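Structure first, commentary second.
The values are calculated or read from the model by the stated rules, or taken from the named source; none is laboratory data. For clarity, every value in this text was computed on a predicted model and none was experimentally measured. FYI the Cβ positions are ideal-geometry reconstructions off the backbone, even for glycines, and counts take in every protein chain you see.
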Amino acid sequence: MTKQLTKPNEVMIMDLPNAATTTLTYHKDYSVLKDTPILSESASRAQEFTTQTSITYDNKFGDHSIGVLLLAETRERNSNNLGVTGTGLDFIQLDELNQITGFTKEGKEQPAIPSGSSSQTRVAGFVGRLNYNYADKYYLEASLRHDGSYLFGGMNKRWVTLPGLSLAWRINNEKWFHATWVDNLKLRAGIGKTATSGIQPFQWRNTMSTSPNSVVIGGASQTAIYPSVLGNPNLTWAQCLNYNIGIDVTLWNGLLGMELDAFYKYEYDKLSSVTGSHTPSMGGYYFSTANVNKADYKGFDVTFTHQNRIGSFSYGAKLIWSYAYGRWLKYAGDSENTPEYRRLTGKQIGSKLGFIAQGLFQSEEEIANSATMPDRPAYPGYIKYMDRNGDGIITVNQDQGYVGKSSRPTPQVLSIYSVTGKDSILIFWHHGGLAAMLH
């Protein structure tokens, strides 16, 4: 619950001087809030219910180990909000809503303004997972998710099925492997599907909005009803296919460890705003969100570790180096008549708009024979920009394009160091230009 009292403030405002003014004068006035106090109170309540029901099975038959998990989960959230804003108090010390006068100091009627809203969200999911390994050498994990969200509904798009499969081979447990200095050597690979649902509710159906006291019919104030959202019944989850392959190595009882992962992600049916993809001649009568964008990411992660112990003193270090590159395979904001250099399709995610410099102007003659900005005169020594559309002038809308690299770091390095004594632990990490120490 919140309560806010806005009090009027007196201020001194200077009178505007003129040619005959010899002395500055001031007059008393009130701030933007004028001379009337305003009291607002609001309250909110939310309830969230989560249920989880699961069945597990684990067993071992000789060299065979198997585990099964079946899980069902539901989440529901209900919330209510209400508030009132009133104008005018006879006594500023009695800041209660029942003391609101509903009039300004000038005697103008200002009725109290109530507000209120409620919301309800529901999601559900079902998960099945099978784990199997043979003699701690061959591993398999298969999973299947089936998720549903209230954010979607039309054309049976509310539910999404997400399979996953991973395999691993622990080579150092093979009978023919005799390198005792190798503690762990594992090859692994996996493929899986994920999904996201980051949109506002009810984008999939046509909705109406109301505007109280907006029209007068028959001499009385009436509420107007108008279309607010043109629904897209084909809206569904944004989906992603994930592929990865990796190797884990641990040597000499942890003195040296390495993890290497290579990955590829293909994102499709990405939920995106498409308002900029339609021409003004359509009159705004089109849905605003669709599953249109596509992107992919590829890269790798390399982790080196070192662990050692001397008596009661142990220490460790970890170095992580990662590389990721993302590009737009399809971007809805690229219209058909957009020049290639202003399109994001095919370019790195996070690319920035900019001009292309062609050196510096050397003389007034060169300036006279070159494209320049019409609202900014150029002089020798100023930057000379490329006229990308060839119209003889340099403008932001026609000559800026996506240039250079993304502002997002592509390779990243993180280092972590830990020291453990008898009664304390010290952790130090360093990421790019940032560093921190925990004790």
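Filtered by the rule that a residue be hydroxyl-bearing (Ser, Thr, Tyr) and touching a residue at least 60 places away in the same chain (Cβ under 8 Å), region 141-169 gives a lone residue, Ser149. Kindly check whether there is at least one residue in region 85-93 that is within 30 Å of Thr36 (Cβ to Cβ), touching a residue at least 60 places away in the same chain (Cβ under 8 Å) and of a type in the set (Asp, Glu). No, there is no match, as no residue in region 85-93 is within 30 Å of Thr36 (Cβ to Cβ), touching a residue at least 60 places away in the same chain (Cβ under 8 Å) and of a type in the set (Asp, Glu). When Asn213, Asn242, Asn234, Asn253 are checked against the criterion of being surrounded by fewer than 17 Cβ atoms within 10 Å (Cβ to Cβ), of a type in the set (S, T, N, Q) and touching a helix residue (DSSP H, G or I) at 6+ places or on another chain (Cβ under 9 Å), a single residue qualifies: Asn234.
Restricting region 36-77 to residues that are surrounded by 14 or more Cβ atoms within 10 Å (Cβ to Cβ) and not in a strand (DSSP E or B) leaves a set whose member that is farthest from the chain's Cα centre (by Cα) is Thr36.
Taking only region 374-404 into account, find how many residues are under 30 Å from Ala324 (Cβ atoms) and at pLDDT 75 or above. Matching residues across region 374-404 total 5.
Within region 2-13, the set of residues being at pLDDT 85 or above and either over 37 Å from the mean Cα position of the chain (by Cα) or of a type outside the set (S, T, N, Q) (or both) comprises Lys3, Leu5. Restricted to region 90-142, and to residues there that are within 38 Å of the chain's Cα centre (by Cα), more than 30 Å from Ser209 (Cβ to Cβ) and of a type in the set (Gly, Ala, Ser), the residue that is surrounded by the most Cβ atoms within 10 Å (Cβ to Cβ) is Gly125.
Only residues that are in a strand (DSSP E or B), buried (at least 16 other Cβ atoms within 10 Å of the Cβ) and not aliphatic (A, V, I, L, M) were counted in region 170-192, giving 6.
So for region 125-136 (the condition being within 30 Å of Ile171 (Cα to Cα), of a type in the set (Ser, Thr, Tyr), assigned to a strand (DSSP E or B) and in contact with a strand residue (DSSP E or B) (Cβ under 8 Å, 6 or more places away or on another chain)), does at least one residue qualify?
yes
Is there a residue in region 324-335 that is closer than 30 Å to Met258 by Cα, surrounded by fewer than 17 Cβ atoms within 10 Å (Cβ to Cβ) and among the hydroxyl-bearing types (Ser, Thr, Tyr)?
Within region 324-335, one or more residues are closer than 30 Å to Met258 by Cα, surrounded by fewer than 17 Cβ atoms within 10 Å (Cβ to Cβ) and among the hydroxyl-bearing types (Ser, Thr, Tyr).
Within region 18-35, being assigned to a loop (DSSP other than H, G, I, E, B) and either at pLDDT below 85 or within 19 Å of Ile92 (Cβ to Cβ) (or both) holds for Asn18, Ala19, Ala20, Thr21, Thr22, Ser31, Val32, Leu33, Lys34, Asp35.
The single condition among (1) farther than 22 Å from Ala295 by Cα; (2) within 29 Å of the chain's Cα centre (by Cα) that Ile217 does not satisfy is (2). For region 123-139, the criterion of being within 27 Å of Phe287 (Cα to Cα) and not acidic (Asp, Glu) is met by at least one residue.
Identify all residues within region 174-198 that are among the β-branched types (Val, Ile, Thr) and closer than 23 Å to Glu141 by Cβ; write none if there are none.
Correct list: Ile191, Thr194, Thr196.
Scanning region 51-81 for residues that are hydrophobic (A, V, I, L, M, F, W, C) and at pLDDT 95 or above, we see that the one that is farthest from Pro8 (Cα to Cα) is Ile66. From (1) among the hydrophobic types (A, V, I, L, M, F, W, C); (2) modelled with pLDDT of 85 or more; (3) in a strand (DSSP E or B), pick out the condition that doesn't hold for Leu94. Answer for Leu94: the failing condition is (3). Considering the conditions (1) touching a helix residue (DSSP H, G or I) at 6+ places or on another chain (Cβ under 6 Å); (2) farther than 30 Å from Gly231 by Cα; (3) of a type in the set (S, T, N, Q), Gln348 is excluded by exactly one of them, (1).
Of all residue pairs spaced 6 or more apart or on separate chains, those with beta-carbon atoms under 7 Å, a first member in region 309-323 that is over 14 Å from Leu256 (Cα atoms) and of a type outside the set (Ser, Thr, Tyr) and a second member that is modelled with pLDDT of 80 or more and in a strand (DSSP E or B) are Trp321/Val302.
Residues satisfying the criterion are absent from region 149-158 (criterion: part of a strand (DSSP E or B) and exposed (fewer than 14 other Cβ atoms within 10 Å of the Cβ)). Where strands (runs of 3 or more DSSP E) fall entirely within region 199-255, those with at least 2 residues that are free of Cβ contacts under 8 Å to residues at least 24 places away in the same chain and farther than 28 Å from Tyr297 by Cβ are at 207-217, 220-229. Where strands (runs of 3 or more DSSP E) fall wholly inside region 324-404, the ranges with 2 or more residues that are free of Cβ contacts under 8 Å to residues at least 60 places away in the same chain are 352-354, 357-360, 383-385.
Test Ser312 against the criterion of being surrounded by 12 or more Cβ atoms within 10 Å (Cβ to Cβ), farther than 25 Å from Lys405 by Cβ and touching a Lys or Arg at 6+ places or on another chain (Cβ under 8 Å), and give yes or no. So that I can check it myself, show each step before the final result.
Numbers: surrounded by 12 or more Cβ atoms within 10 Å (Cβ to Cβ): no; farther than 25 Å from Lys405 by Cβ: yes; touching a Lys or Arg at 6+ places or on another chain (Cβ under 8 Å): yes.
It is false that Ser312 is surrounded by 12 or more Cβ atoms within 10 Å (Cβ to Cβ), farther than 25 Å from Lys405 by Cβ and touching a Lys or Arg at 6+ places or on another chain (Cβ under 8 Å).
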